[in-house]
Each structure stands twice: as C-alpha cells, then as structure tokens.
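Below: one structure, written as structure tokens.
The values are calculated or read from the model by the stated rules, or taken from the named source; none is laboratory data. Because the structure is a prediction, the values reported are computed rather than measured. A quick note on method: Cβ atoms are made from the backbone with ideal geometry, for glycine too, and the neighbour counts reach across all protein chains shown.
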Amino acid sequence: DAGITQSPRHKVTETGTPVTLRCHQTENHRYMYWYRQDPGHGLRLIHYSYGVKDTDKGEVSDGYSVSRSKTEDFLLTLESATSSQTSVYFCAISDRGRGGGYTFGSGTRLTVV
Amino acid sequence: DQQVKQNSPSLSVQEGRISILNCDYTNSMFDYFLWYKKYPAEGPTFLISISSIKDKNEDGRFTVFLNKSAKHLSLHIVPSQPGDSAVYFCAASGGNQAGTALIFGKGTTLSVSS
C-alpha cells in the first residue's frame, strides 16, 4: 500500500501493559507521523519524526513515546495502556515536510480492556 | 482549541448533484490546505490541495475554493457518485504548530444515494 505498512492491524491488550505499534516504510521518506482517530475528534497528531532520532510531540502525546532508529521504522509505544488509548492509530509518511500530501498506512485498531 | 473546524458531521446528497463540504480555520499562518478521503477500515487518501496564494484548484470532479479573508475553504464534488460516500477530512499546515505536521478537522461523512 504505497510503501507503508503498519503492524499489527488489530490488537487487544490489558490495561497497564506496554504496547508497541510499528510503522514501516519503503519510500525513504524523511518525515513520519503517528495520528489517532477517534469518533468526534478526527485525526489528532501524537508524535512525529523529521529524521532518524529526531522526533517531537504532537497535540496528544501524553502516555506515548516514539523511536526512530532507522529511516524506515517509526515505533509508537504506549508505556502503560489505558482504556482512553483505545483508538485507531494511523502512521503517515511524507517527503515534503511542510504541508504536502501524506501517505497513510491502513491503521492499527487497538483495544485496551 | 480547534484550529481546523468542520462543523457539519454529515451530509447527504443524491447521485448526480453537487456535494459541498465546508471547512473553517482559525490560524492565519496556515498556508497550505488539503482534503483527504477515508473509507472504513482504510487509511485516509489524499484528494486535492490548495496553496494560500490561490483561491481555486480543480481536479476532475473535485474543486477546492479558498477564501482567505473568511478563513474558509470548501470542497465541491460535481457530479456526486455513490463511490464518493466516505469521510472527508480537511487539513491545514503552516505557521508554528507541531513543526511540519498537518492539523486535521473532525471530518464530514458524505453519503451519496443513487
């Protein structure tokens, strides 16, 4: 799907457990983003990366951390999952940084019980 | 505070008619605007964009209009088709928010009936 894959596609986890979602790209794009989509909230930015080891917080970063040790992989970690983190998570990539069209992955549906 | 607002959660249109989706923004530093379309269980896909130096951009059945003085943009789909039924997100970038990231509205669900 345009060189971006997310894994897993679905996950159910228990409250308090750590969870890591993976975004992998084959486009060699510099910029990568994690968004969450919730009913009534649209897409909200969690964290983003503008290069290897260069990351920054977005609008809803509390409870999340990210790492980017290679250009192609951007990991999102929920340190201790809570029910409020039940959501659909989308990764996006871009080579133009400022504005420009993003390419989104197919999403990861995470349920925290 | 929402910087990008889509005040209509849903819109229903008959096939062949025009669909008009609206978006308002508050940050005058935004200089690039985009529309994304999302089907269930899929990621959003880029539809059309417009730079702040323009007031109109057209691509086939899709036209985006930008009114900077009103901080308003709209997406026109003519003619609407049942396959256009999806959630449409307005997005903006520029200014001093989260670096280069896009800021999205909450989305409008378009239903086109045949």
Go through the range A:1-93 and tell me which strands (runs of 3 or more DSSP E), entirely inside it, have 3 or more residues that are away from every other protein chain (no Cβ under 14 Å) and farther than 19 Å from A:S106 by Cβ. A:64-70
Of all residues being out of contact with any Ser or Thr (no Cβ under 8 Å at 6 or more places or on another chain) and of a type in the set (G, A, S) in the range A:71-105, which is farthest from A:T5 (Cα to Cα)? Just the residue, please. A:S84
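Residue-wise test of (1) away from every other protein chain (no Cβ under 14 Å); (2) of a type outside the set (G, A, S); (3) in contact with a strand residue (DSSP E or B) (Cβ under 8 Å, 6 or more places away or on another chain).
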position	(1), (2), (3)
B:E42	no, yes, no
B:I50	no, yes, yes
B:K68	yes, yes, no
B:H72	yes, yes, yes
B:H76	yes, yes, yes
B:P82	yes, yes, yes
B:A92	no, no, yes
B:S113	yes, no, yes
Test for B:D31: is it touching a residue at least 60 places away in the same chain (Cβ under 8 Å) and farther than 25 Å from A:D38 by Cα: yes
Looking at (1) in a strand (DSSP E or B); (2) modelled with pLDDT under 95, which is the one condition that is false for A:G99? (1)
Hits in the range B:34-59 - residues which are in a strand (DSSP E or B), free of Cβ contacts under 8 Å to residues at least 24 places away in the same chain and not aliphatic (A, V, I, L, M): B:T45, B:F46, B:S49, B:S51, B:K56, B:N57, B:E58, B:D59
Name the residues in the range B:68-92 that are among the polar types (S, T, N, Q) and under 13 Å from the mean Cα position of the chain (by Cα), would you? B:S74
May I ask you to say which residue of A:P8, A:P18 is touching a strand residue (DSSP E or B) at 6+ places or on another chain (Cβ under 9 Å) and closer than 26 Å to B:Y39 by Cα? A:P8
